[in-house]
Every structure is written in structure tokens, then in C-alpha cells.
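A.B. asks: A single structure is presented below for examination.
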Amino acid sequence: MKKTVLVSGGAGFIGSHVTVELIEAGYDVVVADNFSNCDRTCYEGVKKITGREDLPLVVMDFCDKKAVQDLFTKYHIDAVIHFAAYKAVGESVDKPLMYYKNNLLSFMNVLETAQEIGGCNVLFSSSATVYGEPDAVPVTEDTPRKPAMSPYGNTKTMCEDILRDTVKANGGKIKGILLR
Ligand SMILES: NC(=O)c1ccc[n+]([C@@H]2O[C@H](COP(=O)([O-])OP(=O)(O)OC[C@H]3O[C@@H](n4cnc5c(N)ncnc54)[C@H](O)[C@@H]3O)[C@@H](O)[C@H]2O)c1
């Protein structure tokens with residue numbers, strides 16, 4: 001049976017490219033987005049490229065816990081790739097609470113729901129901002145994190161820790177990957 005991957009923020013820039021790759025690799029994909037930073041162009045483009053006119057699209061906000069629960073109830077989700085977040089470093093300095101609220105709450109709702117359904121694989125789209133000002137470049141996966149230099153970067157560091165702690169607490173039921 002085909003595995004189903006939920007792509008949060010799947011109508012955005014990276015999410016739409018990943019959706020194409022997933023479909024071409026043989027996965028079923030559910031795209032979910034609140035269109036806060038995109039329109040339907042990429043989603044329509046993905047349907048055209050893949051020939052999947054029936055590609056499921058759920059218009060919802062990941063900060064709405066009930067909407068996330070409904071999504072996991074409607075579809076059998078094997079894995080989530082979490083792209084849904086605000087991503088502008090400069091804007092995050094001007095509007096930190098908007099960034100902390102959206103980026104942290106949306107991800108915690110995904111993890112809490114994954115926990116409620118008994119587990120799921122979670123890939124989090126983090127960022128090189130977690131390296132702060134690195135002592136040496138290029139950074140590698142062994143490079144230690146340093147304090148991030150913006151609220152946006154802080155949300156990525158915090159979400160990494162939240163995922164790590166959640167994986168640890170769930171005894172193998174939730175598996176996590178951090179993508180930087
Ligand atoms: N683009 C980059 O170079 C880059 C680099 C490092 C990390 N990232 C991370 O990868 C992810 C995707 O980046 P992108 O460039 O595709 O950004 P993007 O803004 O194009 O995509 C994010 C999508 O998430 C949606 N979204 C935001 N908050 C949401 C919410 N609460 N509920 C539902 N949908 C929501 C937006 O409408 C948008 O379509 C982000 O988490 C970003 O921080 C991006």
C-alpha cells in the first residue's frame with residue numbers, strides 16, 4: 001500500500017517542489033496550507049507537472065488544533081513534512097510574537113496530534129540560522145548550534161528541541177528528522 005505524506009505549507013515554495021518529488025517517488029501526498037504566503041499558482045503547477053488533478057488540498061491553519069486533528073482523522077498520515085511557517089528574518093525582528101506564535105504553535109499542534117494518533121514520522125524544515133555566527137565555514141552537520149540572530153532563527157532552534165524531546169518521550173512511536 002502506498003504511504004501517505006502530509007506536506008504542511010505544501011502550496012509554498014519548497015513544499016510544492018517536494019510534493020512533486022514525493023509523487024514521482026510513488027507516495028500519496030496531502031497538501032495543506034492556509035495561503036498566508038502564497039496563492040494557488042504552485043499547487044496548480046504541481047497538479048499539471050504530475051498529472052495528479054486529484055491532488056488533495058486542505059486549506060487550513062496549523063495553529064488551529066481542531067483543524068489539525070480533523071486532517072489526521074480524514075487521512076491516514078504516515079509522515080509529515082512540516083514546512084508551514086513564517087520565514088522572513090527581518091519581519092521576525094519587527095513582529096517577534098507573530099513568528100513565535102505561528103511557528104511554534106503550528107508545529108506543536110502537529111506533534112501533539114501525531115502523539116494522539118499513536119505515532120508518525122516527522123520531518124521538520126529547520127534552517128541554517130540555528131548555527132548563529134559559526135566559528136568556521138562551511139558548516140557541517142557536526143557544527144554546534146549557536147544562539148540564533150533573529151526571532152525567526154530562535155523559532156527554528158526551539159522547534160528542533162521540541163521535536164528532539166518529543167521523539168525521546170515517545171519511545172520510537174514518533175520518529176523525527178531535522179532538515180537544515
Ligand atoms: N526558502 C528557504 O531558503 C528556506 C531555508 C531554510 C528553511 N526554510 C524553511 O522551509 C519552510 C518552507 O519555506 P518556503 O521558502 O517554502 O516558504 P513559503 O512561505 O513559500 O512556504 C511556507 C508555506 O506555509 C504556509 N503557512 C505558513 N504558516 C502556516 C500555518 N500556520 N498554517 C498553514 N500554512 C501555513 C504559507 O502560506 C506558505 O505557503 C519554512 O519553514 C522555512 O522556514 C526555507
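The values are calculated or read from the model by the stated rules, or taken from the named source; none is laboratory data. Predicted model, so just to flag it, every value in this text is computed and none were measured. Methodologically, a virtual Cβ is constructed for each residue, glycine included, from the backbone with ideal geometry; neighbour enumeration extends over all protein chains shown.
A.B. asks: I'd like the residue in the range 147-171 that is in contact with a helix residue (DSSP H, G or I) (Cβ under 6 Å, 6 or more places away or on another chain) and in a loop (DSSP other than H, G, I, E, B) and, out of all such residues, is surrounded by the most Cβ atoms within 10 Å (Cβ to Cβ).
C.D. replies: Ala148
A.B. asks: Go through the range 89-130 and report how many residues are within 15 Å of the ligand (Cβ to nearest atom), under 26 Å from Ala169 (Cβ atoms) and in a helix (DSSP H, G or I).
C.D. replies: Residues flagged as within 15 Å of the ligand (Cβ to nearest atom), under 26 Å from Ala169 (Cβ atoms) and in a helix (DSSP H, G or I) within the range 89-130 amount to 17.
A.B. asks: What do you reckon, is Leu71 touching a residue at least 60 places away in the same chain (Cβ under 8 Å) and under 19 Å from Cys120 (Cα atoms)?
C.D. replies: yes
A.B. asks: Here's a follow-up. Check whether at least one residue in the range 78-88 is modelled with pLDDT of 95 or more and more than 15 Å from the ligand (Cβ to nearest atom), and report yes or no.
C.D. replies: Checking the range 78-88: at least one residue is modelled with pLDDT of 95 or more and more than 15 Å from the ligand (Cβ to nearest atom).
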